[in-house]
Amino acid sequence: MVAASQSTSQFSAPGYDVAAALKKENLSQSDYDEICRRLGRAPNRAELGMFGVMWSEHCCYRNSRPLLQGFPTTGPRILVGPGENAGVVDLGEGQRLAFKIESHNHPSAVEPFQGAATGVGGILRDIFTMGARPIALLNALRFGPLEDERNVGLMEGVVAGIAHYGNCVGVPTVGGEVAFDPSYSGNPLVNAMALGLMETEDIVCSGAEGVGYPVVYVGSTTGRDGMGGASFASAELTEASLDDRPAVQVGDPFLEKGLIEACLEAFQSGDVVAAQDMGAAGLTCSCSEMAAKGGLGIELDLDRVPAREAGMTPYEFLLSESQERMLFVVKPGREQALMQSFTRWGLQAAVVGRVLEDNIVRVLQHGEVAAEVPASALADDTPINRHELISEPPAEIQAHWRWSEAELPAAGASGITPAAGPRAGQPTSWNAVLLELLDDPTIASKRWVYRQYDHQVQANTVVPPGGADAAVVRLRPQQGEGSLAPASRGVAAVVDCPNRWVALDPKRGGMAAVAEAARNLSCVGAEPLAVTDNLNFPSPETPTGYWQLALACRGLSAACSALDTPVTGGNVSLYNETRLPDGRMQPIHPTPVVGMVGLVHDLEHVRGQAWREAGDAIWLLGVPLETGEAPADPRLGLAGSSYLERIHGAVTGRPPEIDLALERSVQGFLRQAIAQGLVASAHDLSDGGLAVAAAECCMATAAAVPGPAGQTLGARFELPASSARLDRLLFAEGGARLLVSVPAERASAWQQALEAANAAAPGSVPAQRLGVVTAPGGTAAAELEIHQAGQADPLLHLPVAQLAESFEQAIPRRMGVDLPPTV
């Protein structure tokens with residue numbers, strides 16, 4: 001090493017255009033100076049490429065690492081936290097769950113089908129690299145408005161890619177979320193989450209062990225596809241990004257299926273002492289991370305690497321992101337038996353190196369050293385970009401926070417006349433408002449999406465997509481697993497992010513993402529266990545961008561701590577922004593997606609969102625509807641709401657306060673009530689507030705859980721007399737609120753449970769009876785009616801079939817396809 005003060009001018013010229021190479025690798029001059037200082041010389045071209053991918057935000061979190069250290073990461077069920085390929089939690093009864101979420105945003109922007117498909121393949125490898133069999137997939141997607149044909153094409157390609165890979169590899173896609181906003185035009189978000197059950201007694205980790213142990217390459221061959229994908233994922237998108245299609249990998253799900261089986265077989269043999277998949281940064285990342293985590297080194301001979309193309313240079317070998325590849329450290333003498341096992345599955349297998357005592361990554365080709373770099377410099381001791389956190393919210397955010405509901409036009413029993421937005425100047429009934437909200441693609445049915453996914457493969461899916469607030473998968477003993485766990489248990493999973501709220505208040509938005517994910521798990525009766533997060537943000541190099549990232553992390557941390565859901569890992573995806581032709585930057589809404597898993601102790605108690613029986617009472621848990629006599633509750637509001645955006649054309653205001661103590665008590669009470677059989681259905685209030693949640697519960701009866709004699713069920717609500725704004729009563733968001741139905745025969749026990757909970761902790765479980773589930777009489781159709789005490793006419797009165805028409809056809813109509821109705 002040379003002194004830090006030495007100039008790079010003292011080192012010999014590297015033999016390439018440094019400025020051009022730095023631009024290609026997305027490195028700065030100061031990065032180059034630091035590389036030279038660490039090496040004591042100028043890097044050759046292959047070495048510079050290695051530093052380029054490993055020092056990218058995608059691999060080393062150089063802008064976000066200090067913020068991530070504030071997350072809670074330990075708990076009684078946490079077996080593996082951040083730092084490994086996936087987190088692992090203890091489910092009890094001898095079962096352990098591995099889970100992780102990752103992004104493939106930039107690749108999907110330029111090649112949507114392969115970008116999304118290989119995102120699925122990559123997250124699956126993170127799971128089975130730990131020794132777990134993948135049992136479920138979820139995804140969180142963001143697109144620009146579907147009125148733009150480019151966004152339609154992106155969505156078609158992404159959904160087709162996810163469906164292709166998941167369906168072919170044989171892992172069910174059981175849930176997810178899709179939202180739309182102009183900020184995602186040109187920069188869609190594709191976040192893939194996977195879950196797996198451990199099949200090995202010991203969790204397979206990635207740190208190399210055993211000096212002299214052989215390093216074995218298994219899987220597919222290495223080609224020139226996916227070159228520099230990690231650096232590409234850490235840069236902004238421009239019109240020229242289509243030229244970066246070679247940075248997008250090409251996947252083979254059938255080969256990955258064989259890789260899953262061969263890897264699990266190898267791990268169960270005990271012959272593999274360390275394993276790392278080759279995802280971002282390919283061989284460079286797998287070698288350097290295995291070496292750094294083990295405190296050892298790795299020597300890699302490129303002449304032994306199975307290649308699909310001739311004449312590949314060290315740079316191309318090291319930066320290729322060809323898919324379906326793994327790197328193992330194997331016990332000496334066991335490598336031949338292991339490789340024969342992979343060959344039987346039609347896969348490549350070769351001894352390509354050995355473990356070194358010195359902490360270096362040494363790369364050989366044609367008998368010469370092609371690269372030699374300290375492993376810790378690549379994977380451990382990586383640079384951190386320090387940013388100054390502004391002391392107060394940006395001026396534009398403060399301007400949004402000054403907005404109040406008093407600026408909206410007066411709302412009457414017959415409706416409202418918006419002053420702005422698509423209905424400006426048009427008297428609009430509450431019926432029309434609800435139908436308009438159900439036609440919003442973010443709220444509307446995602447059936448066009450999930451009908452393309454095989455959600456029943458493996459035969460463990462308990463709730464079909466759209467049937468409940470979270471996906472639920474049965475926990476059967478896996479092959480080769482001597483588990484004593486009964487088949488009556490399950491695991492629930494969900495992905496959530498209120499990106500509008502995060503854009504307006506990153507801290508409250510981050511808290512809301514965690515709270516809503518836990519609320520959704522609680523609605524199916526699952527105990528929330530842990531979180532994996534995917535932080536999708538624009539550039540952190542602007543004061544606003546870094547403020548958004550830092551405040552969102554604080555919100556996530558606060559909520560995870562309050563709800564006892566530690567963070568086991570995740571992914572950071574920055575520079576999600578598009579440079580427009582006029583040079584301006586279009587950043588996405590900051591989107592910290594929360595993937596949360598929960599344990600279902602008894603599948604018999606899983607609840608969906610559909611009403612079950614006519615005559616069941618409908619209750620609201622959480623912040624109750626206001627009478628208007630007291631000041632407006634700050635935990636509820638129209639600020640940042642779907643109603644404000646869709647009807648009034650505004651994304652503004654400060655989102656409601658998040659009451660984490662209330663979230664915890666209400667969710668805990670709901671889970672207990674479900675376990676005691678007191679609740680027939682449960683659904684959280686989210687986008688669109690009470691009216692949209694009520695409509696969704698009605699429509700779900702036809703799609704998932706038919707009522708008596710196969711009838712679609714409706715509901716009649718009776719809201720209390722109030723001087724509060726009617727649109728606030730109908731469409732406000734926030735408040736830790738849930739809509740549940742209670743069977744008539746359980747009404748007394750339900751009331752007793754509420755009284756006991758509030759006696760033990762006064763006010764901990766606010767509850768309000770609002771209505772009753774109804775069945776159509778004679779030839780009449782099921783209807784949703786919302787009345788208010790003291791009003792002769794209903795505020796809302798619509799047939800469920802009409803609600804379903806808006807809800808079901810919103811996305812297909814914009815995509816130009818026909819979708820058969822469900823009601």
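The values are calculated or read from the model by the stated rules, or taken from the named source; none is laboratory data. The structure displayed is predicted, hence computed values, not measured ones. With ideal geometry, Cβ positions are generated from the backbone for all residues, glycine too; neighbour counts draw on all protein chains shown. Surface areas here come from the heavy atoms of the whole protein model, side chains and all, with no ligands, DNA or RNA. Shrake-Rupley method; radii C 1.70, N 1.55, O 1.52, S 1.80 Å.
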- Just give me the residues in segment 498-510 being open to solvent by 10 Å² or more (accessible area, probe 1.4 Å) and under 15 Å from the mean Cα position of the chain (by Cα), in sequence order. Pro498, Asn499
- Task: Assess whether Ser686 counts as being of a type in the set (Gly, Ala, Ser), at pLDDT 95 or above, open to solvent by less than 50 Å² (accessible area, probe 1.4 Å) and assigned to a helix (DSSP H, G or I).
- Result: no
- Query: Just one of the numbered conditions (1) on the phi > 0 side of the Ramachandran plot; (2) open to solvent by 20 Å² or more (accessible area, probe 1.4 Å) is not true of Leu603; which one?
  - Reply: (1)
- Message: Suppose the filter is buried (at least 24 other Cβ atoms within 10 Å of the Cβ), modelled with pLDDT of 95 or more and farther than 19 Å from Gln323 by Cα; does Phe99 pass it?
- Response: yes
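State whether the residues of segment 467-475 include one that is among the basic types (Lys, Arg), touching a helix residue (DSSP H, G or I) at 6+ places or on another chain (Cβ under 7 Å) and either open to solvent by less than 20 Å² (accessible area, probe 1.4 Å) or farther than 30 Å from Pro794 by Cα (or both). Give the steps one after another, and end with the answer.
Of the residues in segment 467-475, the ones among the basic types (Lys, Arg) are 474.
From what is left, the residues that are touching a helix residue (DSSP H, G or I) at 6+ places or on another chain (Cβ under 7 Å) are 474.
If we keep only those that are either open to solvent by less than 20 Å² (accessible area, probe 1.4 Å) or farther than 30 Å from Pro794 by Cα (or both) too, we end up with 474.
Looking for residues that are among the basic types (Lys, Arg), touching a helix residue (DSSP H, G or I) at 6+ places or on another chain (Cβ under 7 Å) and either open to solvent by less than 20 Å² (accessible area, probe 1.4 Å) or farther than 30 Å from Pro794 by Cα (or both), one finds at least one in segment 467-475, hence yes.
Among what's in segment 540-572 and is of a type in the set (S, T, N, Q), open to solvent by 10 Å² or more (accessible area, probe 1.4 Å) and in contact (Cβ under 8 Å) with a residue 60 or more places away in the chain, pick the residue that is farthest from Gly70 (Cα to Cα). Write out each step before concluding.
First pass over segment 540-572, keeping only residues of a type in the set (S, T, N, Q): 542, 544, 548, 557, 561, 565, 568, 571.
Narrowing the set further to residues that are open to solvent by 10 Å² or more (accessible area, probe 1.4 Å) leaves 542, 544, 548, 557, 561.
With in contact (Cβ under 8 Å) with a residue 60 or more places away in the chain added as a condition, the list becomes 544, 557, 561.
Values: Thr544: 20, Ser557: 7, Ser561: 10 Å.
Per the criteria, the residue is Thr544.
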- Task: Give segment 419-450 a look and list any residue that's open to solvent by 50 Å² or more (accessible area, probe 1.4 Å) and under 27 Å from Pro820 (Cα atoms), or say none.
- Result: Tyr450
- Query: Of all the residues that make up segment 332-369, how many are out of contact with any Gly (no Cβ under 7 Å at 6 or more places or on another chain), over 19 Å from Glu289 (Cα atoms) and assigned to a strand (DSSP E or B)?
  - Reply: 5
- Message: With the structure loaded, tell me whether Ser665 is outside any helix (DSSP H, G or I), open to solvent by 10 Å² or more (accessible area, probe 1.4 Å) and either at pLDDT 95 or above or not charged (D, E, K, R) (or both) or whether it fails that test.
- Response: no
- Query: Of all the residues that make up segment 292-307, how many are of a type in the set (Val, Ile, Thr) and outside any strand (DSSP E or B)?
  - Reply: 1
- Message: Being touching a strand residue (DSSP E or B) at 6+ places or on another chain (Cβ under 9 Å), over 23 Å from Val463 (Cα atoms), open to solvent by less than 10 Å² (accessible area, probe 1.4 Å) and among the aromatic types (Phe, Trp, Tyr): is that true of Phe717 here?
- Response: yes
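Find the residue count for segment 374-383, including only residues that are farther than 14 Å from Tyr32 by Cα and open to solvent by less than 60 Å² (accessible area, probe 1.4 Å). Spell out how you get there, then give the answer.
Residues of segment 374-383 that are farther than 14 Å from Tyr32 by Cα, as a first pass: 374-376, 379-381.
Okay, now just the ones that are also open to solvent by less than 60 Å² (accessible area, probe 1.4 Å), so 374-376, 379.
Looking only at that region, the number is 4.
Hey, among Trp619, Trp611, which residue is within 27 Å of Ala775 (Cβ to Cβ) and open to solvent by less than 10 Å² (accessible area, probe 1.4 Å)?
Numbers: Trp619 fails: open to solvent by less than 10 Å² (accessible area, probe 1.4 Å).
Of the residues listed, the single one that is within 27 Å of Ala775 (Cβ to Cβ) and open to solvent by less than 10 Å² (accessible area, probe 1.4 Å) is Trp611.
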- Message: Condition first: under 30 Å from the mean Cα position of the chain (by Cα) and surrounded by 13 or more Cβ atoms within 10 Å (Cβ to Cβ). Now tell me which residues in segment 391-418 satisfy that.
- Response: Pro393, Pro394, Ile397, His400, Trp401
- State whether the residues of segment 438-446 include one that is farther than 26 Å from Cys553 by Cβ, at pLDDT 95 or above, outside any loop (DSSP other than H, G, I, E, B) and in contact with a strand residue (DSSP E or B) (Cβ under 7 Å, 6 or more places away or on another chain). no
- Query: Under the condition of being buried (at least 24 other Cβ atoms within 10 Å of the Cβ) and of a type in the set (Gly, Ala, Ser), which residue from segment 117-152 is nearest to the chain's Cα centre (by Cα)?
  - Reply: Ala140
- Looking at Glu321, is it under 30 Å from Pro540 (Cα atoms), open to solvent by less than 10 Å² (accessible area, probe 1.4 Å) and among the acidic types (Asp, Glu)? yes
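So, Leu189, is that one hydrophobic (A, V, I, L, M, F, W, C), modelled with pLDDT of 95 or more, open to solvent by less than 10 Å² (accessible area, probe 1.4 Å) and in contact with a helix residue (DSSP H, G or I) (Cβ under 7 Å, 6 or more places away or on another chain) or not?
yes
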- Note on the structure: Among Ile647, Ile674, the single one that is assigned to a helix (DSSP H, G or I), open to solvent by less than 10 Å² (accessible area, probe 1.4 Å) and touching a Pro at 6+ places or on another chain (Cβ under 7 Å) is Ile647
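Look through Thr578, Thr568 and report the one residue that is at pLDDT below 95 and among the polar types (S, T, N, Q).
None of the other options fit; the residue is Thr578.
So, Arg62, is that one over 16 Å from Asn571 (Cβ atoms) and either of a type in the set (D, E, K, R) or open to solvent by less than 30 Å² (accessible area, probe 1.4 Å) (or both) or not? First the steps, then the outcome.
Working: over 16 Å from Asn571 (Cβ atoms): no; either of a type in the set (D, E, K, R) or open to solvent by less than 30 Å² (accessible area, probe 1.4 Å) (or both): yes.
Answer is no for this residue.
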